[in-house]
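Just below is one structure, and these are the notes that go with it.
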Amino acid sequence: MVGPTPGDDELMDAKEKCGLFAARSASGQDVVRRTLQGLEALQHRGQESWGVAVAGKPVFRKMGLVANWQLETGQLSSYRGSSAIGHVRYSTKGRSVLDNAQPIQIDSSFSIAHNGTLVDFDRLVAPVQEEFGLSCESDTRAAGYRLLHYLKDGNDMFASMQKLSMELVGAYCFVIVDSLGNVFAVRDPRGYRPLCLGWHEGSKTYIAASESCALSAVGADFVRDVEPGEIVKFGSGDGQPESFRFAPKVPTAYCSFEYTYFAHPSSRVNGVSVYEARKKVGRVLSRKSQSTGDVVIPVPDSARPSALGFSVESHIPMDEGLMKDRYSRKGSIRSFIEPGQRGREDVVKRIIPIREAIQGRDVIVVDDSLVRGTSSKVIVKSLRKAGAKSVKMAVTFPPIRHPCFMGIDFPSKEELLVHQVAGEQDSVAETASKVAKAIGADEFFYNDIEGLSEAIGLPEDSLCFACINGDYSKLTAPQALSAPAEVGTKP
């Protein structure tokens, strides 16, 4: 069943798909440096701003890349604490300014950071304005103050989250540090966004992070994923984390875009190796396209495993025909999550073709997705200029026909290239033909939902494909779901 499409007036002003890291040392050791290192490992999830919160200190927030944290010799250098949370921001709507950076301090009770998108903003923010006299432009701030409302009613964090979840529609992961140094990690009932738990033996530190690559970066061991509808507490003492189910078990809606683009290839997301999924999706795409050529070239960097899989399956050699200029100011920046069109184009133009790998060859260039067509047009043009005999493009993600309301940066149909050039009822092949003409490629090949699900290795009904098929039926609040028989129990 295809659910209703949320209107623009229901969308938040600051929707994000970001990176979260939270840590608490049971032995009382400082975790701030480790939190910042974890955020560095999650830089691919957000590159506009970053911040860290420690109990008893003002929230520290900064524009730009978290990689520069070691240059901070002022306020941040004095931050110490056995509990901390951190955030890297990727905005999908809302200004890229310091006021929208996270974590956000909520009264004197706690700090909160958020990865996801909440819809139906007016209904969420109205009681905040009435009770606290605040004009909220951020879904994170609004959710935080609604959580404070329930805490002030005498509920603990577990019960407060259960009550708050009845108001939240959309995708969300939260990390929270309260005034006592307790750390909480929360994942929405559908599990749209990834969140996992880790353990650092040397410092006896419990960790929650958006991806397992952040655990590896700080020398921690992966323990498990946070279950959808679960809140986990890292409290005082050296006891095990406490777990509480705040919402009923319902069918999941894991974001399929995580596996082809957003997540780091070294991560495991919902039990799936991202690297292996990308490599397999390349093999699937090769079988479906039956494309022939002289060389397979990946678009750096997220498409490399897929291009390898495409090459192995097709027996067409792979070569590095496109290289990012790592020495430029934007050498490490990802084009898709740049907040403006001009910024995206600037990043893509810094992908340099290697003429010796391209000239006189029939090139198959593999990319993870096509959204606005910005990157694809520039890349096709640069390959032709470098002497390619022909340019075919294959992308691992199916045609994106619909906006995302769960945290990816395509919130309107008008900006989607497929919507601009193809009809709603066009087949994947018909759509691919029209896209090829629009970006200047000789041929274009898409994956489909079945192929993507096969490559990921998860059932179709456990994944979210709303941006592909327009099915928003899972975008519902918990009160509309089945009876919460298991709410209040440990998952």
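Filter region 105-148 down to the residues that are of a type in the set (Ser, Thr, Tyr) and exposed (fewer than 15 other Cβ atoms within 10 Å of the Cβ), then identify the one that is nearest to PHE246 (Cα to Cα). Write out each step before concluding.
Residues of region 105-148 that are of a type in the set (Ser, Thr, Tyr), as a first pass: 108-109, 111, 117, 135, 138, 140, 145.
Those still in the list that are exposed (fewer than 15 other Cβ atoms within 10 Å of the Cβ) too: 108, 135.
Values: SER108: 24, SER135: 28 Å.
Among residues in region 105-148 that are of a type in the set (Ser, Thr, Tyr) and exposed (fewer than 15 other Cβ atoms within 10 Å of the Cβ), the one nearest to PHE246 (Cα to Cα) is SER108.
Restricting to region 129-172, give me the number of residues that are on the phi > 0 side of the Ramachandran plot and either among the hydroxyl-bearing types (Ser, Thr, Tyr) or touching a Leu at 6+ places or on another chain (Cβ under 8 Å) (or both). So that I can check it myself, show each step before the final result.
Step one: list which residues in region 129-172 are on the phi > 0 side of the Ramachandran plot, which gives 133, 154, 170.
Remaining after also requiring either among the hydroxyl-bearing types (Ser, Thr, Tyr) or touching a Leu at 6+ places or on another chain (Cβ under 8 Å) (or both): 170.
Here the count works out to 1.
Can you name every residue in region 218-266 that is acidic (Asp, Glu) and under 23 Å from the mean Cα position of the chain (by Cα)? Before the answer, list the steps.
Taking region 218-266 as the starting set, the residues that turn out to be acidic (Asp, Glu) are 221, 225, 227, 230, 238, 242, 258.
Result: ASP221, ASP225, GLU227, GLU230, GLU258.
Which condition number in (1) under 24 Å from the mean Cα position of the chain (by Cα); (2) acidic (Asp, Glu); (3) over 21 Å from PHE310 (Cβ atoms) is the one that ASP368 fails?
Failed condition: (3).
I'd like to know if region 218-225 contains one or more residues that are touching a His at 6+ places or on another chain (Cβ under 8 Å) and of a type in the set (Val, Ile, Thr).
First, the residues of region 218-225 that are touching a His at 6+ places or on another chain (Cβ under 8 Å): 218-221.
From the residues that got through so far, the ones that are of a type in the set (Val, Ile, Thr) too are 218.
Yes: region 218-225 contains one or more residues that are touching a His at 6+ places or on another chain (Cβ under 8 Å) and of a type in the set (Val, Ile, Thr).
From the residues in region 449-491 that are among the small types (Gly, Ala, Ser) and outside any helix (DSSP H, G or I), which one is modelled with the lowest pLDDT? Write out each step before concluding.
Filtering region 449-491 down to residues among the small types (Gly, Ala, Ser) leaves 451, 453, 455, 457, 462, 466, 470, 473, 477, 480, 482-483, 485, 488.
Subset that is outside any helix (DSSP H, G or I): 457, 470, 473, 477, 482-483, 485, 488.
Numbers: GLY457: 97, GLY470: 92, SER473: 88, ALA477: 61, SER482: 43, ALA483: 37, ALA485: 42, GLY488: 61.
Looking at the filtered set, the residue picked out is ALA483.
May I ask you to verify whether VAL125 is out of contact with any Pro (no Cβ under 9 Å at 6 or more places or on another chain) and in the same structural domain as VAL88 (by TED's automatic domain parsing)?
On the way: out of contact with any Pro (no Cβ under 9 Å at 6 or more places or on another chain): yes; in the same structural domain as VAL88 (by TED's automatic domain parsing): yes.
It is true that VAL125 is out of contact with any Pro (no Cβ under 9 Å at 6 or more places or on another chain) and in the same structural domain as VAL88 (by TED's automatic domain parsing).
Go through (1) surrounded by 21 or more Cβ atoms within 10 Å (Cβ to Cβ); (2) closer than 22 Å to PHE257 by Cβ; (3) at pLDDT 95 or above and name the single condition ILE364 misses.
Unmet for ILE364, out of (1) surrounded by 21 or more Cβ atoms within 10 Å (Cβ to Cβ); (2) closer than 22 Å to PHE257 by Cβ; (3) at pLDDT 95 or above: (2).
Just one of GLN70, GLN43 is surrounded by fewer than 18 Cβ atoms within 10 Å (Cβ to Cβ), over 20 Å from GLY235 (Cα atoms) and modelled with pLDDT under 95; which is it?
Details: GLN43 fails: surrounded by fewer than 18 Cβ atoms within 10 Å (Cβ to Cβ).
That would be GLN70, the only listed residue that is surrounded by fewer than 18 Cβ atoms within 10 Å (Cβ to Cβ), over 20 Å from GLY235 (Cα atoms) and modelled with pLDDT under 95.
Being buried (at least 16 other Cβ atoms within 10 Å of the Cβ), farther than 24 Å from SER210 by Cα and not aromatic (Phe, Trp, Tyr) is the filter here; which residues of region 149-162 pass it? Please lay out each step first, then the result.
Start the filter on region 149-162 by keeping residues that are buried (at least 16 other Cβ atoms within 10 Å of the Cβ), which leaves 149-151, 155, 157-162.
If we keep only those that are farther than 24 Å from SER210 by Cα as well, we get 149-151, 155.
The answer is HIS149, LEU151, ASN155.
Would you check if GLU414 is modelled with pLDDT under 95 and part of a helix (DSSP H, G or I)? Let's see the steps before the verdict.
Values: modelled with pLDDT under 95: yes; part of a helix (DSSP H, G or I): yes.
It is true that GLU414 is modelled with pLDDT under 95 and part of a helix (DSSP H, G or I).
Output the residue which, of all residues in region 372-385 that are free of Cβ contacts under 8 Å to residues at least 40 places away in the same chain and touching an Asp or Glu at 6+ places or on another chain (Cβ under 9 Å), is nearest to VAL435 (Cα to Cα).
Taking the candidates together, the pick is THR374.
For region 408-430, which positions are farther than 20 Å from THR260 by Cα and of a type in the set (Val, Ile, Thr)? So that I can check it myself, show each step before the final result.
So in region 408-430, the residues farther than 20 Å from THR260 by Cα come out as 412-415, 419-427, 429-430.
VAL421, the sole residue that qualifies.
Considering only residues of region 228-240 that are in contact with a strand residue (DSSP E or B) (Cβ under 7 Å, 6 or more places away or on another chain) and part of a loop (DSSP other than H, G, I, E, B), which is modelled with the lowest pLDDT?
Going through region 228-240, the residues in contact with a strand residue (DSSP E or B) (Cβ under 7 Å, 6 or more places away or on another chain) turn out to be 228-235.
Adding the requirement that they be part of a loop (DSSP other than H, G, I, E, B) leaves 228-229, 235.
Working: PRO228: 97, GLY229: 96, GLY235: 84.
If we take residues in region 228-240 being in contact with a strand residue (DSSP E or B) (Cβ under 7 Å, 6 or more places away or on another chain) and part of a loop (DSSP other than H, G, I, E, B), then GLY235 is modelled with the lowest pLDDT.
Restricting attention to region 423-448, report how many residues are modelled with pLDDT of 95 or more and either touching a Cys at 6+ places or on another chain (Cβ under 6 Å) or not acidic (Asp, Glu) (or both).
15
When you check HIS402 against the structure, is it more than 25 Å from ALA263 (Cα to Cα), assigned by TED's automatic domain parsing to the domain that holds PRO317 and under 28 Å from the mean Cα position of the chain (by Cα), yes or no? Give the steps one after another, and end with the answer.
Numbers: more than 25 Å from ALA263 (Cα to Cα): no; assigned by TED's automatic domain parsing to the domain that holds PRO317: yes; under 28 Å from the mean Cα position of the chain (by Cα): yes.
When the stated conditions are applied, HIS402 does not pass them.
Going by the structure shown, is ALA217 under 18 Å from ARG268 (Cβ atoms), surrounded by fewer than 24 Cβ atoms within 10 Å (Cβ to Cβ), aliphatic (A, V, I, L, M) and assigned by TED's automatic domain parsing to the domain that holds ILE85? Quick ask: steps written out before the conclusion?
Details: under 18 Å from ARG268 (Cβ atoms): yes; surrounded by fewer than 24 Cβ atoms within 10 Å (Cβ to Cβ): yes; aliphatic (A, V, I, L, M): yes; assigned by TED's automatic domain parsing to the domain that holds ILE85: yes.
Spelling it out, ALA217 is indeed under 18 Å from ARG268 (Cβ atoms), surrounded by fewer than 24 Cβ atoms within 10 Å (Cβ to Cβ), aliphatic (A, V, I, L, M) and assigned by TED's automatic domain parsing to the domain that holds ILE85.
The values are calculated or read from the model by the stated rules, or taken from the named source; none is laboratory data. These figures come from a predicted structure and were not determined experimentally. When we count neighbours, we look across all protein chains shown, and the Cβ atoms used for this are built from the backbone with ideal geometry, even at glycine.
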